[in-house]
């Protein structure tokens, strides 16, 4: 059973999502929060598997709450569900540690699918958002390819990674899941999962997606 916390400042949205999720198989709504501060408090109290997070909220906005929760509870996967598709919102949320990003006009079935994907450790992006993320990856990759590098540039972070972790990071940058990476590198899926956690920690990231962005910006991997 996937335990879900719903965080949105609009009462009608919280209630509507609660109705949709309450009748869904394999999902249990364990709490509702009306702002980012309450989301942080209830995450600590209730230990949800997935948090549906709005972005524009009082006290703490969704990006601030996502960052705080990601730093304090790495087991909670945050799935942004918002009306905002602007580049700043998208990348700020991902940088803060969000595992997925959906727009509020997404239909109920897609929201349920995204919750299951997020709970399983996969990144789920709305198709209207995915293009922007891929474009950013391409820009970073092109910039890194054209930028002259000093002999030691990038070595510091690479030295922190083992050979296996470097190989896994390269597969992560290609968008592969843990299961895909395990099959590609002939490893147990649990081993890959543990190594991904180590990579995220060593790159000082809050999430898998942020680790990939950081690695691309630093020139540690290329697309």
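The numbers here are math on the coordinates, done by the rules we state, and not lab data. Since we're looking at a predicted model, the values are computed, not measured. Reconstructed Cβ throughout: ideal geometry from the backbone, glycine too, with neighbour counts over all protein chains shown.
A few points about this structure:
- Segment 1-74 shape via C-alpha gyration tensor axes, a/c threshold 1.5: oblate
- Relative contact order for segment 25-81: 38 percent, from Cα pairs under 8 Å spaced at least 6 residues apart, divided by residue count.
- The length gained on full extension between residue 188 and residue 72, counted as 0.36 nm times the residue separation minus their Cα-Cα distance, comes to 39.0 nm.
- For segment 2-129, averaging the sequence separation of C-alpha pairs within contact (under 8 Å, six or more residues apart) and dividing by the residue count gives a relative contact order of 22 percent.
- Residues in segment 182-223 reached by a label modelled at residue 174 [backbone nitrogen below 11 Å; 7 Å Cα→Cβ]: 182-185
- Theoretical gain in end-to-end length, residue 19 to residue 217 [0.36 nm per residue, Cα-Cα removed]: 67.1 nm
- The tail of the calculated P(r) for segment 2-129, taken as Cα-Cα distances beyond 26 Å, holds 7 percent of the pairs.
- Each of residue 59 and residue 104 was given a label point 7 Å from its Cα along the Cα-to-Cβ line. The distance between the two points is 1.9 nm.
- FRET efficiency for the residue 167 to residue 113 pair, using the beta carbon distance and R₀ = 30 Å, is estimated at 0.50.
- Residue-span extension gain [residue 198 to residue 28] - 0.36 nm each, minus C-alpha spacing: 58.2 nm
- For segment 177-223, radius of gyration divided by Kirkwood radius, i.e. Rg to Rh on alpha-carbons: 0.99
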